[in-house]
Amino acid sequence: MPAATNRTLRARERNRLSILNAARSVLAADPDASMDDIAAVAGVVRRTLYGHFPTRQDLVADLVRAGAEQFVAHLGHIDVHADDPGVELAAMVLRTWGAAREFAPVIELARRGAADAVTLAMDPFNAVVAELIRHGQRRGIFGNDLDPGVLSRALESTALMFLSTGPTDRWDGDAADVAFTHLLLLGTPVDAARAAIRTAQTREGEA
């Protein structure tokens with residue numbers, strides 16, 4: 001490939017990343033910000049922005065995909081056949097909550113106009129969580145016998161609720177509270193849920 005073509009491709013990718021980074025910060029501050037606002041912060045002209053993202057929905061969908069990639073990077077390996085599925089689930093929440101909170105504004109924005117992008121981005125993750133839930137049900141760790149796929153979606157909805165709520169006077173955004181709620185929804189007894197979280201905190205170095 002000619003050197004000039006390589007330079008053009010690199011410049012195009014730099015512009016795309018600049019637009020995505022600008023959109024993430026601009027839309028987090030003002031969900032109703034215009035494409036012109038995003039172009040200005042990104043340091044590109046309108047033609048360049050629309051060359052990468054023909055519509056606002058295209059831009060938001062790409063932000064969701066980028067957020068999902070970072071989320072997966074924090075996720076690490078999930079042992080769907082873990083000896084203690086409760087600890088595994090709690091550790092997963094503790095490990096990923098920071099990344100989830102970082103992209104909460106983007107996820108909330110997408111739910112307003114690009115909900116399909118959120119669903120598509122989360123499908124692989126939810127499938128893994130469903131398998132872990134199924135294993136926990138078979139082991140008798142999780143007492144909720146609803147379909148694992150349905151429960152996985154319920155956990156996702158619960159996490160989104162926590163993300164949209166944000167810290168309050170009575171809740172400081174602690175990931176352990178999110179993990180505790182997840183375990184209770186899966187039918188884990190209170191004492192067992194608390195023990196699972198303590199073990200997960202030790203494992204993840206967050207005690």
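Could you sort 135-142, 43-50 so that the peptide with the highest average Cβ count within 10 Å comes first and the rest follow in order?
The peptides rank, most packed first, as 135-142, 43-50.
Taking θ as phi - 60°, what are the ³J(HN,Hα) couplings along segment 187-195 by the Karplus curve (6.51, -1.76, 1.60), each to the nearest whole Hz, with x for Gly and Pro?
Those phi angles translate into x, 7, x, 3, 5, 5, 5, 5, 5 Hz.
Could you give the length gained on full extension between residue 123 and residue 75, defined as 0.36 nm per residue of separation minus the Cα-Cα distance, in nm? Don't skip to the end; give the middle numbers.
Working: separation 48, 0.36 × 48 = 17.28 nm, distance 1.42 nm.
Additional length available on full extension: 15.9 nm.
Want the number for residue 57 to residue 138: 0.36 nm per residue separation, take away the alpha-carbon distance, what's left?
Working: separation 81, 0.36 × 81 = 29.16 nm, distance 4.13 nm.
Result for the pair: 25.0 nm of gain on full extension.
For the chain, what does the accessible surface come to per residue with a 1.4 Å probe? Please give it in Å².
Accessible area per residue, the chain: 53 Å².
Which percent of the accessible area of the chain is formed by carbon and sulfur heavy atoms (probe 1.4 angstrom)?
In the chain, the share of accessible area belonging to carbon and sulfur is 53 percent.
Per residue of segment 39-49, what does 6.51 cos²θ - 1.76 cosθ + 1.60 with θ = phi - 60° give for ³J(HN,Hα)? Whole Hz please, x for Gly and Pro, Karplus curve as stated.
3J(HN,Hα) across segment 39-49, in whole Hz: 4, 4, 5, 6, x, 10, 7, 4, 4, 5, 4.
When the distances between all Cα atoms of the chain are binned every 10 Å from zero, what whole-number percent does each bin get?
Per 10 Å bin, starting at 0, the Cα pair percentages come out as 8, 31, 29, 18, 11, 3, 0.
Where the centroid of each part is defined by its Cα atoms, how far is segment 171-207 from segment 50-111 in Å?
Here the two parts' Cα centres lie 20 Å apart.
Take the Cα gyration tensor of segment 150-207, multiply each eigenvalue by 5, square-root it, and list the three semi-axes largest first, rounded to whole angstrom.
19, 16, 10
Rounded to two decimals, what is Rg over Rh for segment 16-64 when you use alpha-carbon atoms and the Kirkwood radius? Provide the component values of the computation, followed by the final result.
Details: Rg = 9.2 Å, Rh = 10.3 Å.
We get a ratio of 0.89 for segment 16-64.
For the pair residue 28/residue 65, report the inter-label distance in nm, with labels modelled 7 Å from Cα in the Cβ direction.
In this crude spin-label approximation the distance works out to 2.1 nm.
The values are calculated or read from the model by the stated rules, or taken from the named source; none is laboratory data. Computed from a prediction, not measured in an experiment: that's the story for all the values here. Note: ideal-geometry Cβ built from the backbone for every residue, glycine included; neighbour counts use all protein chains shown. Each accessible area value is taken on the protein alone, full model and side chains, heavy atoms only, with ligands, DNA and RNA left out. Shrake-Rupley method; radii C 1.70, N 1.55, O 1.52, S 1.80 Å.
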